1. Just how large is the dipole of the chain about the Cα centre, in debye to the nearest 20, putting +1 at every Lys and Arg Cβ and -1 at every Asp and Glu Cβ?
2. Show me, for segment 130-138, the HN-Hα J-couplings you get by feeding each phi into the Karplus relation (A = 6.51, B = -1.76, C = 1.60, θ = phi - 60°), rounded to Hz, glycine and proline as x.
3. Bin all alpha-carbon pair distances of segment 18-180 at 10 Å intervals from 0 and give each bin's fraction as a whole percent.
4. Just to check, using Stokes-Einstein with a Kirkwood Rh over alpha carbon pairs, what's the diffusion coefficient of segment 205-292 at 20 °C and 1.002 mPa s in µm²/s?
5. Would you tally the net charge around GLY214, using a Cβ to Cβ cut-off of less than 10 Å, leaving GLY214 out, and scoring K and R as +1, D and E as -1?
6. Determine the dipole magnitude for segment 216-450: charges of +1 sit on the beta-carbon of Lys and Arg, -1 on that of Asp and Glu, nothing else is charged, the reference point is the Cα centre, and the result goes in debye to the nearest 20.
7. Counting other C-beta atoms within 10 Å, which of TRP235, TRP174 has the fewest, and how do the rest follow?
8. For segment 274-358, what is the largest minus smallest coordinate of the Cα atoms on each principal axis, given in angstrom and ordered from greatest to least?
Amino acid sequence: MSQEVHPAGSLKQHTIWQDGQMPEPCTVVIFGATGDLTQRKLLPTLAHLLHDHPLPEGFSVVAFARRPMNDEQWRGMALDSINKYMPDNDKLDREAQHDFAQRMYYCQSDFNDREGYEKLADILERLDREKGTQGNRMYYLATPPTLDSEIIFQLGGAGLARPAAGQYGDEESWTRIVIEKPFGRDLASAQKLNREIARVFHERQTYRIDHYMGKETVQNLLAFRFANGIFEPLWNQKYIDHVQIVVAESLGIGSRAEYYEEAGAIRDMVQNHIMQVLCLTTMEAPVAFDADAIRDEKVKVLRAVPLLTPEDVAKRTVRGQYTAGVINGQPQVSYKEEKGVSPASQTETYVALKLFIENWRWAEVPFYIRTGKALPKRSTEVTIQFKRVPHMLYKPAETKGLVPNRLTIRIQPDEGISLKFAAKVPGAARHLNDVDMNFSYSEAFGIESPDAYERLIADCMVGDSTLFIRRDEVETQVQVEVSKR
Ligand SMILES: NC(=O)c1ccc[n+]([C@@H]2O[C@H](COP(=O)([O-])OP(=O)(O)OC[C@H]3O[C@@H](n4cnc5c(N)ncnc54)[C@H](OP(=O)(O)O)[C@@H]3O)[C@@H](O)[C@H]2O)c1
């Protein structure tokens, strides 16, 4: 396989396999392979993985989708996608494209057609024999959430859900399923989906994905809090005035009206990505860096967020929709004018809410959450606003405009952390100003960050579920949704 040449001055390649361990050979089966997520994210991610990190020889990908196509046509479609969506400095050369395409196979079927799954079983067995994939499979459900149950049921019915014990040497092969967000529409549907999964897959085979957890900067919240001694003693209601979590997107909904009309900003962002960021910002220190210890602590925090009553909803939440305007010099139509959106739509594209976490650490600290589409700037950040000093030595005129200490964790773009503190302006007068102490991810390490999907797909391949969402966690976080209406 050819090696990518990074232009002079560009960032160094990151590592992706923990402890340098390559995963076992496997086949990734993508359901919904002609869809937006697969084309825009999954295929470029797999191509990048394959090209820049050692993957086992026989690694293969089977697309399961309903459009009539053969392997060759699918390979052409997959190459078009990676050429369109991989960044310019990351494009594959001819040889690498050929290698990528040769690992692609197509299984044409509707999701509810039993024969399609029998056909899939045949393809998988053939790949096991010919490519040495050893019965290891990752099923990726890049599908409308309403179809997840049917696919899971059919996989179970076709005997494709359980690992083939001992069939390939002494080692048991593995079978894992990746399920996208949003996970259900509300608590009842999330619980129902969990029950349906559990009938077919064991929890340890189930990887509920939230791509925010794959972001380096989100994972860095744990490192920042628990590998540094100086912040944690201040990380509580005694010193923190309030916390803000903002996820602002500058794009509108694009071509995803069908999905967005059903989801809205709360289901799209709050009950998954923002709840995950909230958990990592506020949880107690886990007893170990492992999947269950971390997820135990996340669940505890989620359980301490009280449901909003109807009065709370009226007092502590705001929902809105974008109107027409100009963003970054480009015209933006209003949400109601977007293709596929009902002119009478009540779906929120913006939400702001105030939450509390009822435990010793966070009692009475407000958490202000805001997210929306078509906003002036794309930015995701967590701001920890510390309290004022108990007694200010300086006169009001000397501290005019000065804000109390503020720590900002920038998740995207311009990933990094900055701490605002007061400093004396040079000169005889005792004037104080805010200054920033700034850490920038890219400048500090000179290493490119792995894409979030790359991180998570790689973790699933090696069977590490630390960054995926556990059953009880998803059922607790989805309750923010329940309390909405
Ligand atoms: N797109 C994103 O940026 C994004 C981000 C995060 C999470 N997600 C989640 O990822 C999942 C997929 O989203 P998406 O945007 O990729 O959806 P999408 O563009 O609507 O793609 C859906 C895929 O499912 C296929 N499909 C639908 N009904 C089918 C059926 N009965 N039988 C066989 N195939 C069928 C479609 O095939 P046809 O092409 O034949 O219609 C298409 O390949 C959703 O759960 C979404 O919430 C998406």
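1. I would put it at about 2100 debye.
2. Coupling constants for segment 130-138: 7, 10, x, 7, 6, x, 8, 9, 10 Hz.
3. 10, 40, 37, 12, 0
4. For these conditions, the coefficient is 139 µm²/s.
5. Neighbour charge sum, excluding GLY214 itself: -3.
6. In debye, rounded to 20, segment 216-450 gives about 960.
7. Ordered by Cβ neighbours within 10 Å, fewest first: TRP235, TRP174.
8. Taking the Cα atoms of segment 274-358, the three principal extents are 50, 33, 22 Å.
Only the coordinates and a few stated rules stand behind these numbers; no lab work does. Every value quoted in this text rests on a predicted model; they were computed, and no experiment measured them. Virtual Cβ from ideal backbone geometry, glycine too; neighbours counted across all protein chains shown.
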